[in-house]
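Every read-out reported here was derived from the displayed coordinates using simple, explicitly stated rules and does not represent laboratory data. Remember, predicted model here, so these are calculated numbers, not experimental data. In this analysis, Cβ positions are derived from the backbone assuming ideal geometry, glycine residues included, and neighbour counts consider all displayed protein chains.
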Amino acid sequence: MKHSILSAILLLATICSFAAEPKHKTQNFILITLDGLRWQELFNGADLAFIQNKKLVEDSAGCVKKYWNADLDTRRKKLLPFVWGTIAKQGQLYGNRNEGSLVNVKNPYWFSYPGYNENLTGYADPKVNSNEFGPNPNVSLFEELNKTPEYKGRIAAFASWDAFNDILNEKRSGLLVNSGYEKLEGQGLSDNMQMLNSIQYQLPDIFHGVRLDGVTFNMGFEYLKTKKPRVLFLSFDETDDFAHGGRYEDYLNSAHYSDDFLRILWNWIQSTPEYKDKTTIFITCDHGRGNDQEMWKHHGSETPNSSQTWFAVIGPDTPPLGEIKEGQYYNNQFAKTWADLLGFNFVTPNPVGETITKVIGK
């Protein structure tokens, strides 16, 4: 009898220990992408030689004052104060090749649609080989999440580039995708959202169909505040557009503004009970760029080094390791990593990259 009681107690203790095993705290997920932002600016700050090139920067003196400092830590914090003041202390950053941290896309093309497909589906599909590819045959993590009761109708994407209706295959997936110059439709829109719906058409169409990032951010942020989604994807495009145009100061400015978007989001999350200590933010890009002052304007398989990418993450399950200074990582690992953070078993018929265990605290 005593033996039976002891066995029962031991069994109960074992059951309780499994029940008490900590599961991931992440219940909400926010993905931010900065199209074509190089790892060089993220980790090194502004490049003085680029700033002093009058073909790339009209007001070199003003740009030096705003973004340059001889000290590396000061310089990169001037460009990206939230990244280096908060994420570097409370999260993780990958991709500083000067320190042996390597991140690359797996796809062979090194431009946007293939890069975003790889990020979102975990599959570097060789058939996805054009920015005008059309509806994506591959299923994203977000589409799979949208099939579950916990996430259905609680996922939204706001993007400056209008290709995301196809990249996320809006018609098949049923996801809310607002991209390019597009009004948000639906019942119960806030006054702010209705204003943003209108104001996007009252600003200069600088990039010929690509919406300005400030509008994209504010539409997404307003949706977050009023609709409280579980998953939000914000995709910004100006860094790539200004780089293609050879406008280095504007490229830096756009990166700086995007950093402030991150600060605003994080401060709101930390002050909102439904999201505080329950939300992971993941920031990355879709491709890199060339190295020198001419090739920096370009990317693609004929531009060396433009497969080089980076990512940053901050959230309740991610240990505060700061800069990761070793290892090789790939963008095709992102989707599985995000799924694991959310406790979701992401299974597809395609080969996807493995979870980045450091991100989830293993």
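Of all DSSP beta bridges located in the chain, what percent are antiparallel, nearest 5? If I count the DSSP bridges inside the chain, around 25 percent turn out antiparallel.
Principal axis extents of the C-alpha atoms in region 92-167 (largest first, rounded to whole Å): 43, 31, 23.
Legend: ranking of residues His208, His24 from fewest to most surrounding C-beta atoms inside 10 Å; resulting order His208, His24.
For region 164-215, the calculated P(r), taken from all Cα-Cα distances in 10 Å bins from zero up to the bin holding the longest distance, is 22, 47, 29, 1 percent. The fewest-to-most ranking of Leu42, Leu79 by surrounding Cβ atoms within 10 Å reads Leu79, Leu42. Ranked by how many other Cβ atoms sit within 10 Å of their own Cβ, fewest first, the residues Tyr251, Tyr329, Tyr257 fall in the order Tyr257, Tyr329, Tyr251. Amide H contacts under 5 Å for Gly174: none, restricted to partners 5 or more places along the chain or on a different chain, H placed in the peptide plane at 1.01 Å from N. Normalising by the residue count of region 246-360, find the relative contact order in percent from Cα pairs under 8 Å and 6+ residues apart. Over region 246-360, the number comes to 19 percent.
Pairwise Cα distances in the chain exceed 35 Å in 23 percent of cases.
Placing unit charges on each Cβ (+1 for Lys and Arg, -1 for Asp and Glu) gives the chain a dipole about its Cα centre, and among Asn107, Ser60, Phe133 the Cα reaching farthest toward its positive end belongs to Asn107.
For the chain, the relative contact order comes to 30 percent (Cα pairs under 8 Å, sequence separation of at least 6). What is region 306-362's relative contact order, in percent, from Cα pairs under 8 angstrom and six or more apart in sequence? This gives 44 percent for region 306-362.
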